[in-house]
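For reference, the structure discussed in these notes is given below.
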Amino acid sequence: MKMNKKWLSLSIDADSSFQSVISSYFDYYSIGGQFNEKNVTMYFLIKDKDKVSNILNSIIEKYNVSFQWGDVKLENWMDNWKDSFKPIKIDDRVMIIPDWDKNIYESDYVIKICPAMAFGTGHHESTQLVINQMLKIEIGDYSSLLDLGTGSGILSILAKKMGIDKVTAIDIDDVCEDNFYQNCKLSDIDNIDIQIQDVHTHEDYNYDIILANIDKNNIIKILDKYQKTQTKAIMIMAGILISDLGEIVDCASDCSIENIDKMGEWASVMIKNKVSHHG
């Protein structure tokens, strides 16, 4: 990550009950975000401003929101996070803490990260939903995991900490690569294979577990490939608004739904190909 890099910030004034819904419109382009009681601030690459503006124009009237564009440098971003980042406890077993937190935590799995310009600090409900699902099935009993849309690497790091031997992480955004390696080092984890590519160009679904914490449109494409490959992998999907849950379940018509969890406006779905119950 180049220290002189700049990004765009977009601050939208919105009541906390609407923030997750509003931010979901921007998930494809957003490389990070901060939420507080009065507004949500998201960060974007400068080259994506026109596309983000088009999305913004399409929702301004619907949600009657005001907004403000700004610039942000890396060092400003880090200072902002130090003010707002709080440790996250999930199911009393996982703690996600920032790299400046020197406290000792008695959790099964402590993940230390450097909050940076990549989606995924653990604060978002979709990340917590995936972690809850991972804990439910004790994924350490499995040997391989594919993390599609890994971002800052929290889910891949947790998978290694839970005992999975082979972890492959895929993300299209090279902005997150340095941060991914930094977070692995902070969490005393190595041997994760990270590949910077479009998740849809990854053809190998021969894993025990597949994670897809990503936006709805990408999930639908991944679901199609998942069902066509007839992989025996358990797949955990998140980044799904509850209002889109029916559409996702319909797209998974060849699968058995193992579990659905909800948190706030968001849902996660655990599925298996029906073929995986045989042989």
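The values are calculated or read from the model by the stated rules, or taken from the named source; none is laboratory data. Note that the structure is a prediction, hence the values are computed from the model and not measured. Every residue, glycine among them, receives a Cβ derived from its backbone with ideal geometry; neighbour counts consider all protein chains shown. The accessibility values were calculated without ligands, DNA or RNA, using every heavy atom of the protein model including side chains. Shrake-Rupley method; radii C 1.70, N 1.55, O 1.52, S 1.80 Å.
Does the stretch 197-219 include one or more residues that are closer than 24 Å to residue 125 by Cα, open to solvent by 10 Å² or more (accessible area, probe 1.4 Å) and among the basic types (Lys, Arg)?
Yes, there is a match, as at least one residue in the stretch 197-219 is closer than 24 Å to residue 125 by Cα, open to solvent by 10 Å² or more (accessible area, probe 1.4 Å) and among the basic types (Lys, Arg).
Looking at (1) more than 20 Å from residue 105 (Cβ to Cβ); (2) part of a helix (DSSP H, G or I); (3) not β-branched (Val, Ile, Thr), find the lone condition where residue 159 falls short.
Every condition holds for residue 159 apart from (1).
Return the total of residues in the stretch 67-82 being farther than 30 Å from residue 134 by Cα and either among the charged types (D, E, K, R) or modelled with pLDDT of 90 or more (or both).
Qualifying residue count for the region: 7.
Here are some residues: 189, 194, 222. Which one is surrounded by 14 or more Cβ atoms within 10 Å (Cβ to Cβ), within 16 Å of the chain's Cα centre (by Cα) and outside any helix (DSSP H, G or I)? Before the answer, list the steps.
Numbers: 189 fails: within 16 Å of the chain's Cα centre (by Cα); 222 fails: outside any helix (DSSP H, G or I).
Going through 189, 194, 222 in turn, the sole match is 194.
Working carefully through the options 170, 164, find the one that is among the aliphatic types (A, V, I, L, M) and part of a loop (DSSP other than H, G, I, E, B).
164
Each row is one residue, and each column tells you yes or no for (1) under 18 Å from residue 272 (Cα atoms); (2) not polar (S, T, N, Q).
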| position | (1), (2) |
| --- | --- |
| 161 | no, yes |
| 169 | no, yes |
| 177 | no, yes |
| 180 | no, yes |
| 183 | no, no |
| 207 | yes, yes |
| 223 | yes, yes |
| 234 | yes, yes |
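Can you give me the number of residues within the stretch 136-161 that are open to solvent by 10 Å² or more (accessible area, probe 1.4 Å) and over 24 Å from residue 196 (Cα atoms)?
Total meeting the criteria: 6.
Which members of the stretch 137-164 meet the condition of being in contact with a strand residue (DSSP E or B) (Cβ under 7 Å, 6 or more places away or on another chain), within 19 Å of residue 232 (Cα to Cα) and among the charged types (D, E, K, R)?
Scanning the stretch 137-164 gives a single hit, 147.
Considering only residues that are of a type in the set (Ser, Thr, Tyr) and closer than 22 Å to residue 24 by Cα, look in the stretch 225-279 and name the one that is surrounded by the most Cβ atoms within 10 Å (Cβ to Cβ).
Filtering the stretch 225-279 for residues that are of a type in the set (Ser, Thr, Tyr) and closer than 22 Å to residue 24 by Cα, the one surrounded by the most Cβ atoms within 10 Å (Cβ to Cβ) comes out as 268.
Condition check ((1) out of contact with any Phe, Trp or Tyr (no Cβ under 7 Å at 6 or more places or on another chain); (2) at negative phi) across all residues:
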| site | (1), (2) |
| --- | --- |
| 105 | yes, yes |
| 108 | yes, yes |
| 114 | yes, yes |
| 133 | yes, yes |
| 145 | no, yes |
| 149 | yes, no |
| 154 | yes, yes |
| 158 | no, yes |
